[in-house]
1. For the chain, what are Rg and Dmax over the alpha carbons, in angstrom?
2. I need the phi-derived Karplus couplings for segment 166-175: 6.51 cos²θ - 1.76 cosθ + 1.60, θ = phi - 60°, integer Hz, Gly and Pro marked x.
3. When the Cα centres of segment 435-477 and segment 119-153 are compared, how far apart do they sit, in Å?
4. Using Cα-Cα distances under 8 Å and only pairs 6 or more residues apart, what relative contact order does the chain have, in percent?
5. Let me know the charge dipole size of the chain about its Cα centre in debye, to the nearest 20, where only the beta-carbon of Lys, Arg (+1) and Asp, Glu (-1) is charged.
6. Measure up K165/K226; K32/K206; K226/K291; K86/K282; K160/K226; K126/K475 against 30 Å on the Cα-Cα distance and list the ones that go over.
7. Taking the Cα centre of segment 292-481 as origin, work out the dipole magnitude from +1 charges on Lys and Arg Cβ and -1 charges on Asp and Glu Cβ, in debye rounded to 20.
8. Tell me, what is the percent relative contact order of segment 292-481, built from C-alpha pairs under 8 Å that lie six or more residues apart?
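Only the coordinates and a few stated rules stand behind these numbers; no lab work does. These numbers were taken from a predicted model, which means no experiment stands behind them. Ideal geometry is used to build each Cβ from the backbone, glycine not excepted, and the neighbour counts take in all protein chains shown.
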Amino acid sequence: MGISKFCNEPFTDFTDKKNRKAFEKALEDIQKRFTNEYPLVINGEKVYSDNKLRSYNPSNPEQIIGTFQKASVEQALGAVEKAHAKFSEWKNVSPKKRADFLFKAAKIMRKRKHLFSAMMTYEVGKNWAEADGDTAEAIDFMEFYAREMLRYGKEQPVTKIHGEKNKLEYLPLGVGLVIPPWNFPLAILAGMTTASIVTGNTVVLKPSSDSPAIAQMFVELMEEVKLPAGVLNFVTGGGSSIGDVLVQHHLIRYISFTGSMEVGLRINELAAKNQPSQIWLKRVIAEMGGKDTMIIDKELYDFDDAVNGTIQAAFGYQGQKCSACSRVVVDESIYDKFCESLALRASALRVGDPWLNPNMGPVINNGSKEKISDYIAKAAEEGGKIIHGGNSLSRPGHFIEPTIIKDVKPDDTISLEEIFGPVLAVIKSKNFNQSLEIANNTMYGLTGAVYSSNKKHIEKADKEFFVGNLYMNRKCTGALVGVHPFGGFNMSGTDSKAGGRDYLLLFMQAKLTSKKIIKK
Ligand code: NAP
């Protein structure tokens, strides 16, 4: 049977009672895992260490979601060596067989999708729809990259020439170090890892210390589809304790990283330094932070749609998306009305425990809560006026109100730095040209959006708004695999365009073989 065309996994309709019941059951069932302790997995062996890493529920920080290992430096380095040993075998497995592992895994994940989503509800504070979206994206990545590998595995077109037979084929690179963040702890982790595996690389996967439990479920899924031991090696532990040694290891061929600019820059710098007996330039695929802007023009198709789009993009998953709208630049002629409407919409957002499916849950940890609160204080100090929220909730857990700050100036701290929380800066602009100038005034370039009914303005933004993912008359979050390949410019990273046709090339190298035709 042929492979069907790729199509996106549909989101669950939670207005359907049957789906709500199924999700509630998953929320109940997943709790059985919380008391378990999970090992490192190195070459298929379960390995324990003396030091433990615990994952906590950000809504209820006393609740442990699972116990994991803090890998020692020796264990981390051992994982690289095992992955290297396995590479000579795995690289020769056909693209079709490798793709089959992804197709099987996607099928199983689809069947049990609510269990994966429920784990994210507890571990990283996603409400039902956000968790469901994360799982759907993970399924999409596996389905998409499996098909992509079949395409790259076929005969590649080269110009024909008389007297020679020429062949271009894509080979894997070697051992990849995969380092995902906690905010899309399943989708991004599964995307970067399965892109590595399907292209014939072996992997050392170091998940975020804030989300090892959902990473563990992915590793078990790979065991279930019988991915050969050693292809995926799972090493939990702090980035600050084992990150550098992993990045620097001479057998690491590439690093696939998604996370903050600070850590991305460090990895890039360390990876650039050639190590004794290293015989390649390490490749760094780094997707980093954003300071994403939505422009609201004075001419609009639908004022309320622009307000709703801004609210969703700013406060969906508590603003903890690299693509989240953290500043909205509004034309002065509609500024006051827009600010009032934003505050009114924000006041209807329910904040609470994510398993009860509010609009917003907690932020990821206490450090993050404090950092966000500091940014809010700084904004007020610099002249911003808080028109909604501004406080943390007086209850256990890391909760911050949806916060809107108006009269932020283009060069204020909260206009330029990534906050990564539920804080929206509103900036007044004189005209569309100035709005574009403001939108381009940070070191980042990830996503952006323009709401305008003026065709000339849309054309101008199309040319001049310098971001990797630009959206017109819709919000700047919610990229779909295959539909909106994703990645940013400047300090937002290497513009890898995850979920796009170019992505797998980052994990491979092309070999050309030319044979002279000799007639006897
Ligand atoms: P982070 O603090 O940079 O951590 C990301 C990963 O790097 C984690 O697994 C972390 O492990 C690890 N790490 C930390 N120090 C390291 C080191 N010295 N060497 C190697 N690895 C190290 O980022 P985060 O807080 O998890 O994620 C939020 C950030 O990711 C935001 O800036 C967001 O914009 C960005 N992001 C970007 C995209 C995109 O596509 N551009 C997508 C999602 C998120 P530990 O947890 O153990 O420290």
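1. 23.6, 87
2. 10, 9, 10, 10, 9, 10, x, 8, x, 8
3. Between the Cα centres of segment 435-477 and segment 119-153 lies a distance of 27 Å.
4. Values: 1166 pairs, mean separation 86.6, N = 520.
Relative contact order here is 17 percent.
5. 2520
6. K165/K226; K226/K291; K160/K226
7. My answer is approximately 280 debye.
8. Values: 390 pairs, mean separation 55.7, N = 190.
This gives 29 percent for segment 292-481.
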